[in-house]
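Accompanying notes for the structure given below.
The values are calculated or read from the model by the stated rules, or taken from the named source; none is laboratory data. None of the values given here were measured: they were computed from a predicted structure. Cβ placement follows ideal geometry from the backbone for every residue including glycine, while neighbour counts extend to all protein chains displayed.
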């Protein structure tokens, strides 16, 4: 029987447009909010709304998808509603109105990616290492947009950002229409209930460490562009620095198929957290110097690329069968939700009270906490077993 072609390009198109929108939103929307005369605390609160919704939204959407077995329909509907909600930014500029629009937008925005992640792994089946080769197109989308948008905003002003982001959301909606549902593959063995999975020390340790790593990225995700412009760097240079970080991320994603089975879960995570400790402290004290900022951006390959690829592969392995969608949702909720919320609000407070450098030093402390948690809760033998280790897929690609 001929193997079913893996829908590589159709799934990759979704990741491309999804993270292209992230590239048009995360680095620059804080600057747009600053242009509306909002304070650092206001910006921190507003930009943390998505993280707040990630506390419970992905798990609720994931549970609904598990119960209804309607992942793809939920992805398509929530993506369309995200587009509608974002369009309201053209008509609002007060804090209360922007807060309301971002809150509604965030409810729908947090739904789709965890569901697409589970769908992607169902397509991959026994070859989870190929995830990084698909996710790499998200990084490409991010780079394309962040490079182009930086120059455009220097020339035409921040209002153009809204038009760019709307077009990218249209791309997301259209890409969801071509993503295919995955064929259900019955599990060979009965899976433990989700409560028993969460009782495992390695699972709890990983989730808490993920919280710490995302909190460590709080100042970077929300205030990095503002930090750079306040240190005299142009929006074009800002876009180039963001791009450099994602290029490093792409390299790590590309080689993750060999890195993960060779070095294992614990060692890669320890390297990621150690890099984050150094990276954010150095950014805080060296914001004026490109000689400092450039190598610190290259560390993004470790602090996000390696961290995310390893964490999501572990979650996919530990939460199997009917618990998979909820496992990915828990990862999103604890990491990007709770961690992002705490990191964003804390960095906004630190920025107003102590300055930008202090906000990044605080990020370094979060990373140090995560480093200790990984060292204490994950064992050296937490490797990917040979049968589950990421490999190049034997399945054919779609034409």
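Quick notes on this structure:
- Residue in the stretch 178-187 that is more than 27 Å from residue 51 (Cβ to Cβ) and at pLDDT 85 or above present: yes
The rows are residues; the columns are (1) surrounded by fewer than 24 Cβ atoms within 10 Å (Cβ to Cβ); (2) more than 15 Å from residue 293 (Cβ to Cβ); (3) out of contact with any strand residue (DSSP E or B) (no Cβ under 7 Å at 6 or more places or on another chain); (4) modelled with pLDDT under 90.
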{"position": "195", "(1), (2), (3), (4)": "yes, yes, yes, yes"}
{"position": "199", "(1), (2), (3), (4)": "yes, yes, yes, yes"}
{"position": "205", "(1), (2), (3), (4)": "yes, yes, yes, no"}
{"position": "211", "(1), (2), (3), (4)": "no, yes, yes, no"}
{"position": "215", "(1), (2), (3), (4)": "no, yes, yes, no"}
{"position": "234", "(1), (2), (3), (4)": "yes, no, yes, yes"}
{"position": "239", "(1), (2), (3), (4)": "no, no, yes, yes"}
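- Listed conditions (1) crowded, with 21+ Cβ neighbours inside 10 Å; (2) over 30 Å from residue 35 (Cβ atoms) are all met by residue 222, apart from (2).
For (1) within 17 Å of residue 175 (Cβ to Cβ); (2) assigned to a helix (DSSP H, G or I); (3) more than 20 Å from the chain's Cα centre (by Cα), each residue gets a yes or a no:
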| residue | (1), (2), (3) |
| --- | --- |
| 15 | yes, yes, no |
| 18 | yes, yes, no |
| 22 | yes, yes, no |
| 60 | no, yes, no |
| 63 | no, yes, yes |
| 77 | yes, yes, yes |
| 89 | no, yes, yes |
| 93 | no, no, yes |
| 114 | yes, yes, no |
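- Matching residues in the stretch 205-241 - criterion: being farther than 18 Å from residue 311 by Cα and within 14 Å of the chain's Cα centre (by Cα): 218, 220, 221, 222
- Between 36, 72, the distinction of being under 30 Å from residue 241 (Cβ atoms) and either crowded, with 23+ Cβ neighbours inside 10 Å or out of contact with any helix residue (DSSP H, G or I) (no Cβ under 6 Å at 6 or more places or on another chain) (or both) belongs to 36 only.
- Against the conditions (1) surrounded by fewer than 23 Cβ atoms within 10 Å (Cβ to Cβ); (2) without any contact (Cβ under 8 Å) to a residue 60 or more places away in the chain; (3) at negative phi, residue 109 satisfies every one except (1).
- Scan of the stretch 325-357 for residues that are more than 17 Å from the chain's Cα centre (by Cα) and closer than 26 Å to residue 271 by Cβ, ordered by number: 346, 347, 357
Quick grid of which residues meet (1) assigned to a loop (DSSP other than H, G, I, E, B); (2) over 19 Å from the mean Cα position of the chain (by Cα); (3) surrounded by fewer than 24 Cβ atoms within 10 Å (Cβ to Cβ):
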| site | (1), (2), (3) |
| --- | --- |
| 254 | no, no, yes |
| 261 | no, yes, yes |
| 266 | no, yes, yes |
| 279 | no, no, no |
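- Residue ID - farthest from residue 29 (Cα to Cα), chosen from residues in the stretch 80-102 that are touching a helix residue (DSSP H, G or I) at 6+ places or on another chain (Cβ under 7 Å) and free of Cβ contacts under 8 Å to residues at least 60 places away in the same chain: 81
- Residues of the stretch 281-297 that turn out to be in a helix (DSSP H, G or I) and surrounded by 17 or more Cβ atoms within 10 Å (Cβ to Cβ), as a count: 7
- Residues considered: 275, 248, 338. Of these, the only one that is buried (at least 19 other Cβ atoms within 10 Å of the Cβ), at pLDDT 85 or above and more than 26 Å from residue 137 (Cβ to Cβ) is 338.
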